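Enquirer: The structure's right below; bear with me while I get my questions together.
The values are calculated or read from the model by the stated rules, or taken from the named source; none is laboratory data. Worth saying up front: this structure is predicted, and the values here are computed from it rather than measured. Cβ coordinates were reconstructed from backbone atoms using ideal geometry, including for glycine residues, and neighbour counts include every protein chain displayed.
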Amino acid sequence: MPGLGDLDVRILRELMEDGRIPITRLAERVGAPRTTVASRLARMEEAGLVEGYRAVVSAERLGYRITAFVLVKVRRTRPVGGRSNQELLAERIVEMTSSDRRLPWVEEAHIITGEYDLLLKVRASELDQLTRFLISFMATHEDVVQTHTLLSLERVHEDHSPRLPSRKD
């Protein structure tokens, strides 16, 4: 975002640490007047830099003990309404898995470069659930040519907070 100054970065750092911080406390922490902080924050929200505020919930504590990364090779077709077959398939998979509790949760879906077309980050509560997803569910999609699954044995690092610039006002 053009014009992101030191104060904006400090505000973002504080919000990334505690998204529920009251605006008065936030202003105290960054050393700026409440009205200035409120207007800066409103500007960053309007520009789409701050997309929202949410709780970070533990997938493991909710029972999603298995994390897998599924690479998907997709049948190539002509774009439909300006959208690629890869994009349409990824959206269909996410939509279908979010409404069927027997299937795992697709946490992320990416169109990627290389030998495969999609990368899915899948969270499953048990191995049977992941197996059903891979063998039964994915086979129902005629556009799925091939899959390759990687199981995560241990999470070493996961951070959803982007690195912030260090610029001056």
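Enquirer: Out of the residues in region 134-161 that are part of a loop (DSSP other than H, G, I, E, B) and without any contact (Cβ under 8 Å) to a residue 60 or more places away in the chain, state the one that is surrounded by the most Cβ atoms within 10 Å (Cβ to Cβ).
Expert: We begin by selecting, within region 134-161, every residue part of a loop (DSSP other than H, G, I, E, B); these are 141-143, 152-161.
In the following step, the residues that additionally are without any contact (Cβ under 8 Å) to a residue 60 or more places away in the chain were identified as 141, 153-154, 156-159.
Values: H141: 15, L153: 7, E154: 5, V156: 6, H157: 4, E158: 7, D159: 7.
Out of the qualifying residues, it is H141.
Enquirer: Considering region 136-162 alone, what residues qualify as being under 15 Å from K121 (Cα atoms) and of a type in the set (A, V, I, L, M)?
Expert: M138, L150, L151, L153
Enquirer: To continue, here is another question. Do the conditions hold for G52, that is, is it without any contact (Cβ under 8 Å) to a residue 12 or more places away in the chain and either within 30 Å of H157 (Cα to Cα) or under 18 Å from the mean Cα position of the chain (by Cα) (or both)? If you could, list the steps in order and put the result at the bottom.
Expert: Working: without any contact (Cβ under 8 Å) to a residue 12 or more places away in the chain: yes; either within 30 Å of H157 (Cα to Cα) or under 18 Å from the mean Cα position of the chain (by Cα) (or both): yes.
In short, yes.
Enquirer: Could I ask something else about it? On the given criteria, is D117 more than 18 Å from I66 (Cα to Cα), buried (at least 18 other Cβ atoms within 10 Å of the Cβ) and charged (D, E, K, R)?
Expert: On the way: more than 18 Å from I66 (Cα to Cα): yes; buried (at least 18 other Cβ atoms within 10 Å of the Cβ): yes; charged (D, E, K, R): yes.
Judged against the criteria, D117 is a match.
Enquirer: Could you tell me whether A59 is modelled with pLDDT under 95 and surrounded by 13 or more Cβ atoms within 10 Å (Cβ to Cβ)? Break it down into steps so the answer makes sense when it comes.
Expert: Values: modelled with pLDDT under 95: yes; surrounded by 13 or more Cβ atoms within 10 Å (Cβ to Cβ): yes.
Spelling it out, A59 is indeed modelled with pLDDT under 95 and surrounded by 13 or more Cβ atoms within 10 Å (Cβ to Cβ).
Enquirer: Ok, one more. Go through region 100-126 residue by residue and tally those that are aromatic (F, W, Y) and over 18 Å from E87 (Cβ atoms).
Expert: Of the residues in that region, 1 qualify.
Enquirer: Next up: Among what's in region 98-114 and is surrounded by 17 or more Cβ atoms within 10 Å (Cβ to Cβ) and within 16 Å of G63 (Cα to Cα), pick the residue that is nearest to the chain's Cα centre (by Cα).
Expert: Our first condition is that a residue be surrounded by 17 or more Cβ atoms within 10 Å (Cβ to Cβ); within region 98-114, this holds for 103-106, 109.
Going one step further and asking which of them are within 16 Å of G63 (Cα to Cα), we end up with 103-106.
Details: L103: 19, P104: 16, W105: 12, V106: 10 Å.
Checking each candidate, the answer is V106.
Enquirer: Scanning for something in a helix (DSSP H, G or I) and either assigned by TED's automatic domain parsing to the domain that holds L120 or out of contact with any strand residue (DSSP E or B) (no Cβ under 9 Å at 6 or more places or on another chain) (or both), does region 46-65 turn up at least one residue?
Expert: Here is the first cut: in region 46-65, the ones in a helix (DSSP H, G or I) are 46.
Subsequent filtering for residues that are either assigned by TED's automatic domain parsing to the domain that holds L120 or out of contact with any strand residue (DSSP E or B) (no Cβ under 9 Å at 6 or more places or on another chain) (or both) retains 46.
Checked region 46-65: at least one residue is in a helix (DSSP H, G or I) and either assigned by TED's automatic domain parsing to the domain that holds L120 or out of contact with any strand residue (DSSP E or B) (no Cβ under 9 Å at 6 or more places or on another chain) (or both).
Enquirer: Could you give every pair whose Cβ atoms fall below 7 Å, whose first residue belongs to region 23-38 and is modelled with pLDDT of 95 or more, and whose second residue is loosely packed, with under 14 Cβ neighbours inside 10 Å, counting only separations of at least 6 or pairs across chains?
Expert: Between residues of region 23-38 that are modelled with pLDDT of 95 or more and residues that are loosely packed, with under 14 Cβ neighbours inside 10 Å, the close pairs are A27/P33; R34/I23; R34/T24; V37/I23; A38/I23.
Enquirer: Scan region 68-86 and give yes if some residue there is in a strand (DSSP E or B), touching a His at 6+ places or on another chain (Cβ under 6 Å) and not basic (K, R), otherwise no. Steps first, answer last, please.
Expert: Our first condition is that a residue be in a strand (DSSP E or B); within region 68-86, this holds for 68-74, 80, 83.
This time we only want the ones that are touching a His at 6+ places or on another chain (Cβ under 6 Å), so: 71.
Among the residues that remain, those that are also not basic (K, R) are: 71.
Yes, there is a match, as at least one residue in region 68-86 is in a strand (DSSP E or B), touching a His at 6+ places or on another chain (Cβ under 6 Å) and not basic (K, R).
Enquirer: Only one of these is of a type in the set (A, V, I, L, M), farther than 13 Å from V72 by Cα, part of a loop (DSSP other than H, G, I, E, B) and touching a residue at least 60 places away in the same chain (Cβ under 8 Å): L103, L164, L130. Name it. Let's see the steps before the verdict.
Expert: Values: L103 fails: touching a residue at least 60 places away in the same chain (Cβ under 8 Å); L130 fails: part of a loop (DSSP other than H, G, I, E, B).
The conditions single out L164.
Enquirer: For region 120-130, enumerate the residues that are more than 23 Å from V56 (Cα to Cα), surrounded by 14 or more Cβ atoms within 10 Å (Cβ to Cβ) and of a type outside the set (A, V, I, L, M).
Expert: Within region 120-130, Q129 is the sole residue that qualifies.
Enquirer: Going through region 1-49 one residue at a time, which ones are of a type in the set (G, A, S), surrounded by 13 or more Cβ atoms within 10 Å (Cβ to Cβ) and under 15 Å from P165 (Cα atoms)? Walk me through it before giving the result.
Expert: From region 1-49, those of a type in the set (G, A, S) are 3, 5, 19, 27, 31-32, 38-39, 42, 47-48; that's our starting set.
From what is left, the residues that are surrounded by 13 or more Cβ atoms within 10 Å (Cβ to Cβ) are 5, 19, 27, 32, 38.
Residue satisfying the conditions is G5 alone.
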